[in-house]
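To keep things clear, I will list the structure first and then write my remarks on it.
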Amino acid sequence: MTDSLQFLVRRNLQAKSDAERAAILENPGFGVTFTDHMVDICWSEQGGWHRPRVQPYGPIELDPAASVFHYGQEIFEGLKVYRHADGSLHTFRPDANGRRMQASAARMALPELPVSYFLQSIKELIAVDGDWVPSAPETSLYIRPFMFAKEAFLGVRPAKKVAYYVIASPAGAYFTGGVAPVSIWLSEHYSRAGKGGTGAAKTGGNYAASLVAQNEAYAEGCQQVLFLDSVEGKYIEELGGMNVVLVYKDGTLVTPLSDSILPGITRDSVLMLAEERGLRVERRPISLDEWRRGYENGDIVEAFACGTAAVITPIGQIKARDFTIGDINAPAGELTMSLREELTDIQYGRRPDTHGWMTRLDA
Ligand SMILES: Cc1ncc(COP(=O)(O)O)c(C=O)c1O
């Protein structure tokens, strides 16, 4: 196997004009518009990874019997490209996303894409669609690599034909009116992932399982949902799309240790920054009761959610049927906000990258 692939590039003859693209980039929202191109690489049991292409963004034709439609054998990733002040384009810890995609593939009986191909696929897309990376503060180009079973076969077994794609979508600032604490609904009836299940993999089924609880959250006026462990219903796990960190008054940060949550790259990075400040970090099971008591007696002073999309979001309150933890009107925590600033400064090139986290894509 070679370290790099020879991509065939087919340009989109209907690519957006500069003016059309500029109009989209002025107010991109999140996940609603897409760049002019996409990448795809095929995999088959006999041929391995082959036919790497950059081609015009557009619909994918699949056989109705393709097993992804029936058995959900699918994984994905999410990372961002940031435009620095000098116009250069950078992404954050893409090797970590590449390795996590391999771990997800292993759990979902999909082939593992070499990390070098993962990185190259993003570079190839940026080579043709780099102009789609917005430059306004806190904006980015969100990159969505994904892989699915495309073999047309209705038996239940791992597919022998698989496709890997990368698409990209310009993303506006998550918080337009300044960072505001969010309200989180506690899911008491629905679990996201079970013991021995797929919770640690970034696979569509976990998100499908979360949607009914997410609907409950919306109905309760909350923006996100918090899941508990599925065995005892006692320990906090994570939100539908973000990890959770609590801050004790002595500055200790605690985050759930569980094999059924997604190991977030944002969380890992933030905790590393906290440790460098001399703060203690604990990765261990955390009961909901610990959070509730800790908030009530003043030991737990901040809580935040973290993930690629919103970076760090202060948690104002947890709302359950019979009780509430926190106060939605309290200001965002100081440590939360300063860690958010440090991380986004690194991502946007406003502070030196002393960890080697950033990868330049346009050079
Ligand atoms: C379920 C879930 N947990 C946590 C995260 C955070 O992961 P990361 O920081 O790598 O984006 C995500 C993705 O953003 C997610 O979908």
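The values are calculated or read from the model by the stated rules, or taken from the named source; none is laboratory data. Since this is a predicted model, take the numbers as computed values, not measurements. Cβ: placed from backbone, ideal geometry, glycine included. Neighbour counts: every protein chain shown. For accessibility, only protein heavy atoms count, side chains too; no ligands or nucleic acids. Shrake-Rupley method; radii C 1.70, N 1.55, O 1.52, S 1.80 Å.
Details
- Area accessible to solvent at I75, 1.4 Å probe radius, in Å²: 0
- The apolar share of the surface of the chain, taken as the fraction of accessible area on carbon and sulfur atoms (1.4 Å probe, ligands and nucleic acids excluded), comes to 50 percent.
- Between the C-alpha center of the stretch 8-24 and that of the stretch 199-225 there is a gap of 34 Å.
- A DSSP coil position with no more than 12 other Cβ atoms inside 10 Å describes the following GluC sites (Glu not before Pro) in the stretch 15-54: E45.
- The mean sequence separation of alpha-carbon pairs under 8 Å and at least six residues apart, normalised by the residue count of the stretch 182-347, gives a relative contact order of 24 percent.
- Heavy-atom accessible area order for K150, K160, largest first, 1.4 Å probe: K160, K150
- Positive-end residue, the chain charge dipole about Cα centroid, Cβ charges, pick of L228, G333, A208: A208
- The chain: relative contact order as a whole-number percent, Cα under 8 Å and 6+ apart: 18
- Rounded tilt (10° steps) of 115-129 against the dominant C-alpha axis of the chain: 80
- Shape class for the stretch 124-217: oblate, because the ratio a/c of the largest to smallest gyration tensor axis (alpha-carbon atoms, square roots of eigenvalues) is 1.5 or more and b/c is at least a/b.
- Column: log10 I(q)/I(0), Debye, Cα scatterers of the stretch 1-86, q = 0.17, 0.24 Å⁻¹: -1.08, -1.39
- Folded to 0 to 90 degrees: helix 334-347 orientation relative to the chain principal axis, Cα: 20
- Sequence-separation-based contact order of the stretch 8-171, relative, with Cα cut under 8 Å and 6+ spacing, percent: 33
- Counted by Cβ distance under 10 Å from V133, the other residues give a net charge of -1, where Lys and Arg count +1 and Asp and Glu count -1.
- Lysine pair count for the chain with Cα-Cα distance under 18 Å and sequence separation of 8 or more or different chains is 6.
- Highest average packing first - 346-356, 246-256, Cβ atoms within 10 Å: 246-256, 346-356
- The chain, accessible area per residue, ligands and nucleic acids excluded (1.4 Å, Å²): 45
- Cα gyration tensor shape of the stretch 8-171, rounded if a/c is under 1.5, else prolate or oblate by comparing a/b with b/c: prolate
- Coupling constants for the stretch 203-219 follow from the phi torsions by the Karplus curve (6.51 cos²θ - 1.76 cosθ + 1.60, θ = phi - 60°), and in residue order they are 10, x, x, 4, 6, 4, 5, 8, 5, 5, 6, 5, 4, 4, 4, 4, 4 Hz; glycine and proline get x.
- The 1.4 Å probe gives accessible areas that order S230, S88, largest first, as S230, S88.
- The chain, helix-only ellipticity at 222 nm - DSSP H runs n ≥ 4, -39,500 (n - 2.57), divided by all residues, nearest 500: -8000 deg cm²/dmol
- Only the Cβ atoms of Lys and Arg (+1) and of Asp and Glu (-1) were treated as charged; on that basis the dipole of the chain about its Cα centre amounts to roughly 800 debye.
- For V301, nonlocal amide neighbours, meaning residues 5 or more places apart or on other chains whose placed amide H falls under 5 Å from its own, are V247, Y248, K249.
- Euclidean distance of C-alpha centroids, the stretch 92-167 and the stretch 263-280, integer Å: 25
- Summarised in one figure, the compactness ratio Rg/Rh of the chain, Cα atoms and Kirkwood Rh, is 0.97.
- Calculated from backbone phi, Karplus (6.51, -1.76, 1.60) coupling profile of the stretch 247-256 in Hz, x at Gly/Pro: 10, 7, 5, 7, x, 5, 9, 10, 9, x
- Whole-Hz Karplus values for the stretch 145-157 come out as x, 8, 9, 8, 7, 10, 4, 7, 6, 9, x, 8, 6 Hz, taken residue by residue from phi with 6.51 cos²θ - 1.76 cosθ + 1.60 and θ = phi - 60°; glycine and proline positions read x.
- By a 1.4 Å probe calculation restricted to protein chains, V231 has an accessible surface near 100 Å², given to the nearest 10.
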